[in-house]
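The structure appears right after this line, and notes come after that.
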Amino acid sequence: MRRPLLAIALLFGLGACGDEPMRQPPPPAGAGGIVIRWTLEDPDGEPLACDALQIVEAEVAIGGMPTVVACGQPQEVAFDGVIPGRVPVVIRLLNSIGLEFDSHISNAIVVDQETLEYEHTFVVNEQEFERGTLDLNWRIDQRIAAQACGLVNAETLRVATRAGSISSFEMEVPCEDGRLILEDRRRGAYDFIFWLVQADGTLLEPPETVTGVGVFAGDTTRVSVNFRTVDPRPRTVLTRWTVDTSTATPQKCLDVGSDEVRVSIEAPDPLTGLYEEVDTAVVQCAATSATVMGTVADGHRLTARLIDSFGVAIATEVINDIDLRVTSATVSVDFDTMD
């Protein structure tokens, strides 16, 4: 019965020796530590709150995986067991859509058996960081608005923010403008809905929506939409050709140095306006015709090229208007090699 009492006595005796509190054991030899702290201030030295700047978290690292600190928590991170020497210090402030608000990258010297206190102050000019610019662009069936608005009787374009956007607004501008630049927009994330509006106020269906658009401090964000009023559908386009107004016989093709003809359906890139091939057929020059099967929408075009043995176009013909009322169309071109 004495052994438990003796064990308890020894246990309490060891824990009660002196009035000093229990301490963590010292770090192993050859290691140090670093505590990284950061603050936010305006140019006058007044403190700023992270939530007021829409900063949701900070990522802090010294060369490895970052430690994430949410806005509202103490703005400091402690790293123990750091190998003495020069270490990188990285602090990244992130906004609500995961993009960098600001960052700090530097170096620090960690000393064996010591903890370095490292501090950095982010100086934020709210007027500079608060606003950005939106550049809104629209097309209709891949055609520029100046050409296409009249085809669908659209008089204006209406753009409005949706629920969840950092701020709200609604505007209506002439459809044919094709572009709307909005300066001094509050920084953050936006969701938009775009409508084409006819003269009598009728909204053309369907509208176009764009979500997760980020506006950044002192920067311009471009948004492009394409209204589809004609449903793209599979079509067959038969292309017939002649060469210098003559039948494309083997001898005629040989005379002009052509090996083949390349026929393509092309669509404009919504951002650059440059045409890109979407469906293509390549046949011998003397075949005199080729069929392209693919998806054709308003704004698409057909391009036929007379190609030489080096793959270079000897002559090119472009058909801009393909009949969308039929599922099978026929076009004719003449390759003018004399031009």
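Net charge in the neighbourhood of GLY30 (other residues with Cβ under 15 Å of its Cβ; Lys, Arg +1, Asp, Glu -1) is -3. Antiparallel beta bridges, as assigned by DSSP with both residues in region 233-335, represent about 80 percent of the total such bridges. For THR202, the shell of other residues with beta-carbons less than 14 Å away shows a net charge of -3, using +1 for Lys and Arg and -1 for Asp and Glu. Using a/c under 1.5 as the rounded threshold, could you call region 178-322 rounded, prolate or oblate? The axes a ≥ b ≥ c are square roots of the C-alpha gyration tensor eigenvalues, and prolate needs a/b larger than b/c, oblate otherwise. Prolate shape, in that a/c is at least 1.5 and a/b is the bigger ratio. Under a model in which nothing but the beta-carbon of Lys, Arg (+1) and Asp, Glu (-1) is charged, the chain shows a dipole of about 1280 debye around its Cα centre. Taking a ≥ b ≥ c as the square roots of the eigenvalues of the Cα gyration tensor, the chain is classed as prolate, since a/c reaches at least 1.5 and a/b is larger than b/c. Note on the chain: dipole from Cβ charges, positive end direction compared against PRO84, ALA329, ALA49; the farthest Cα belongs to PRO84. Rounded to the nearest 0.05, the FRET efficiency derived from the C-beta distance between GLU276 and GLU205 at R0 = 25 Å is 0.35. Where both partners of a DSSP beta bridge lie in the chain, what percent of those bridges are antiparallel, to the nearest 5? Just about 75 percent of them are antiparallel. Computed from point charges on the beta carbon alone (+1 for Lys and Arg, -1 for Asp and Glu), the dipole magnitude for region 233-335 about its Cα centre is near 340 Debye.
Phi angles across region 161-175 convert, under the Karplus curve 6.51 cos²θ - 1.76 cosθ + 1.60 with θ = phi - 60°, into 3J(HN,Hα) values of 7, 10, 4, x, 6, 5, 8, 10, 6, 9, 9, 9, 9, x, 4 Hz, Gly and Pro given as x. When the square roots of the Cα gyration tensor eigenvalues are ordered a ≥ b ≥ c, the ratio a/c for region 130-227 is 1.5 or more and a/b exceeds b/c, which makes its shape prolate. Length available on full extension from GLN284 to ARG222: 0.36 nm per residue minus the Cα-Cα distance, which gives 17.9 nm.
Given 0.36 nm per residue, what is the gain on full extension from VAL123 to ALA31 after removing their alpha carbon distance, in nm? Net length gain for the segment: 29.9 nm.
In the chain, the longest principal axis of the Cα atoms and the axis of helix 2-15 are about 70 degrees apart. Label separation (VAL90 vs SER168): 4.0 nm, computed from points 7 Å beyond Cα along the C-beta direction.
No lab work stands behind these numbers, since they all come straight from the coordinates. If you're wondering where the values come from, they're calculated on a predicted model, not measured in any experiment. Positions of Cβ are generated from backbone atoms using ideal geometry, with glycine treated the same way; all protein chains shown enter the neighbour counts.
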